[in-house]
Amino acid sequence: MRRGWRWCVAVGAVAVLGAGCTGGDDEGRFRVGAADVGDPYVPGAGNGGYDVAHYALKVRYEPPGRRLTGQATVTATATTGLSRFHLDLAGLTVDRVRVDGAPAKHRRDGNELVVTPAHGLPAGKRFTVEVAYGGVPQPLPSGELGDGGFHATGDGAIALGQPESASTWYPVNDHPSDKATYEIEVTVPDGLAALSNGVPKGQSSRDGWTTWRWSEGSPTASYLTTLVIGNYRVSTGTHAGKPLVTAVAATLPANGPAATALARTGEIADYLASLFGPYPFDAYGGIAVADERIRYALETQTRPVYGPGFFRGDRPNTEVVAHELAHQWFGDSVSLARWSDIWLNEGFATYAEWLWNEHDGGRAVAQVFADRYAATDWTKPSVDPGRAALFGDAVYQRGALAVHALRRAVGDEVFFRILRGWLAERRDGTVTTADFVSHAERVAGRPLRPLFDAWLVGATAPALP
Ligand code: TRP
Ligand code: ZN
C-alpha cells in the first residue's frame, strides 16, 4: 500500500507530480517483477512490480507435528506490466497458486516463490494471488541479529522477528515499504490460544479445533505481524472504546511482573497519546511469552510481544511497555521506507521511555540526557549504521539524544508540534530521515539540518544547543 504522490516518484514512471501513476506507457509491456526491493540491509527481502493492499491468511497449526497448513489470499496492484512476479516465502511447500482465480505456474528459488500467471498483468491492474501451502516452518537465520521467524515451542509457536520474520509463515512482500491490511484466521487444537494483530473477531470450535480470528484494518509492515500459539492467560476488555487484548504465558506467575506491567498498557498508551496525538490503531494489547529464545520485545502492531527477560525482577518493567507502545506511533503507524533510517523508530521509542520514566516518578529526562551524552561513542552514526549495528546504541541512545537536542533547540511547544504534525501527516505512510528533517524545518521555520547532521552522524561530540 503506497499513498499519495510519493508512490509515483518511487516507481519512477511519471515525472509530473499529480499525473496518473499507472496505465499509459506500460500497458501491454510485461516484464519480470524484481526479486528484491533493493534495500541493502535485507538482501532478497521484498519484491518489485506490485503493491500489496491486503493479506487474508488462514493457517492451521498442529503443535505435536509442528505442521502448518496455510491458505493466503494476497490482493495487490501491478505497478508495472508483469509477466511474472515474486513473493517471499522461506521453506514450506507450495501446493497450488491461482491468480485471479486461474491456475498459475509457480516454482521456488531459495526463499522466493516465483509466480507466472496464465496472462500478463497490465500496469495498474488489481489482482489476487491465492497460495495453498504447508510444512514445518523454521526460524530465519539473521546472522549477527539473531534468528527471526517461526519458533516452535513446547505448547505452540511464536512467529516474530525484525527485520524479517513474516516469510516463514506466509507468502509476503516482506519489506516495510509495502504496508497492507490483514485478516488472520488461526486454527489450533481446542484449549490453546492463538493470538495475532488487531481487532479480535471471535472464535469458533469444531471437531476439536478452535479458530481465532483477527483483523488489522490499518496498513501494517510485514515484520510487525505476529502469531503466538500456546497456553496463555488471555484477557479481553476495552480501553478508550477499543478492544484491549493481553495474553500472558501460563507458565509465568498470574500476578507477577509481566502481568502487572502489561496491565498498565492502556494507561501508558494514554500518556503517550497526550504527547504524540491520538493512538493510531483500532485495538490495544500485548503478549508476554516465556520462551527464552525470545530475547527482545517487538512492537508488533497493536499487540507487542515481550520476551521473558524484561520481567525477571520483582519490580514490573513499564519502560519496555512504554518503548513498544511508543513504536505504535513511531515505526508502526509511520514506518520506515528503508532499514538504514531505523533511528526514526528506535530513537523516538527510546526517548519515549525517558519521558514515561520521568512522568512515572523515575529519573528526569535532563539527567538521562546528560549521562548518555557523556557515554556516547560519537564515531558511530545513527543514520545508516550498517546492518550489524541496526540495534546498537548509535541507533537507540544516540537517536534519543538527537530527539532531545531538537527539543532543546526549538523549545517544548514547537518540539511537540513537530512530533504531532509528523505523526498526523505521515500516518499509515513510509518515511525517510530527510522527510523528518524537512518537516521539522517547516514547522520550526528555521534550518535544522546542521543540528541533525551533528547529532545523528557527526564524528565528534556536538555542542549542546
Ligand atoms: N525493535 C525491537 C525494539 O526495540 C528490538 C529488536 C531488535 C528485536 N532485534 C529484534 C525484536 C529481533 C525481535 C527480534 O523494541
Ligand atoms: Zn524499539
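The values are calculated or read from the model by the stated rules, or taken from the named source; none is laboratory data. Keep in mind that what you see is a predicted model, and the values were worked out from it rather than measured. Counting neighbours? That spans all protein chains shown, and the Cβs are built from the backbone with ideal geometry, glycine included.
When restricted to residues that are within 26 Å of residue 331 (Cβ to Cβ) and not polar (S, T, N, Q), the stretch 121-173 contains 25. Identify the single condition in (1) within 14 Å of ligand 2 (Cβ to nearest atom); (2) among the hydroxyl-bearing types (Ser, Thr, Tyr); (3) over 17 Å from the mean Cα position of the chain (by Cα) that residue 335 does not satisfy, given that it satisfies every other one. Condition (3) is where residue 335 drops out.
Regarding the stretch 128-148, can at least one residue be identified that is of a type in the set (Val, Ile, Thr), within 16 Å of ligand 1 (Cβ to nearest atom) and over 23 Å from residue 245 (Cα atoms)? Taking every residue of the stretch 128-148 in turn, none turns out to be of a type in the set (Val, Ile, Thr), within 16 Å of ligand 1 (Cβ to nearest atom) and over 23 Å from residue 245 (Cα atoms). When restricted to residues that are over 24 Å from residue 275 (Cα atoms) and not in a helix (DSSP H, G or I), the stretch 336-381 contains 8. Counting only residues that are touching a helix residue (DSSP H, G or I) at 6+ places or on another chain (Cβ under 9 Å) and not in a loop (DSSP other than H, G, I, E, B), the stretch 282-321 holds 15 of them. Would you pick out the residues in the stretch 198-220 that are outside any strand (DSSP E or B) and surrounded by fewer than 23 Cβ atoms within 10 Å (Cβ to Cβ)? Passing the criteria: 207, 208.
None of 331, 361 is at pLDDT 95 or above, at positive phi, within 16 Å of ligand 1 (Cβ to nearest atom) and not basic (Lys, Arg) except 331. Looking at 327, 359, just one residue is under 17 Å from the mean Cα position of the chain (by Cα) and either within 24 Å of residue 236 (Cα to Cα) or not hydroxyl-bearing (Ser, Thr, Tyr) (or both), and that residue is 327.
For the stretch 257-271, the count of residues that are outside any strand (DSSP E or B), within 16 Å of ligand 2 (Cβ to nearest atom) and charged (D, E, K, R) is zero.
For the stretch 284-301, enumerate the residues that are more than 14 Å from ligand 2 (Cβ to nearest atom) and aliphatic (A, V, I, L, M). Matches in the stretch 284-301: 287, 288, 289, 290, 294. For the stretch 304-322, the criterion of a residue being within 15 Å of ligand 1 (Cβ to nearest atom), free of Cβ contacts under 8 Å to residues at least 24 places away in the same chain, under 20 Å from the mean Cα position of the chain (by Cα) and surrounded by fewer than 23 Cβ atoms within 10 Å (Cβ to Cβ) is satisfied by at least one position.
Restricting 45, 118, 90 to those that are free of Cβ contacts under 8 Å to residues at least 60 places away in the same chain and outside any strand (DSSP E or B) reduces the list to 118. Just give me the residues in the stretch 287-301 being more than 12 Å from ligand 1 (Cβ to nearest atom) and surrounded by 24 or more Cβ atoms within 10 Å (Cβ to Cβ), in sequence order. Correct list: 287, 288, 301.
When you check residue 435 against the structure, is it buried (at least 16 other Cβ atoms within 10 Å of the Cβ), away from ligand 2 (no atom under 16 Å from the Cβ) and among the acidic types (Asp, Glu), yes or no? Criteria met by residue 435.
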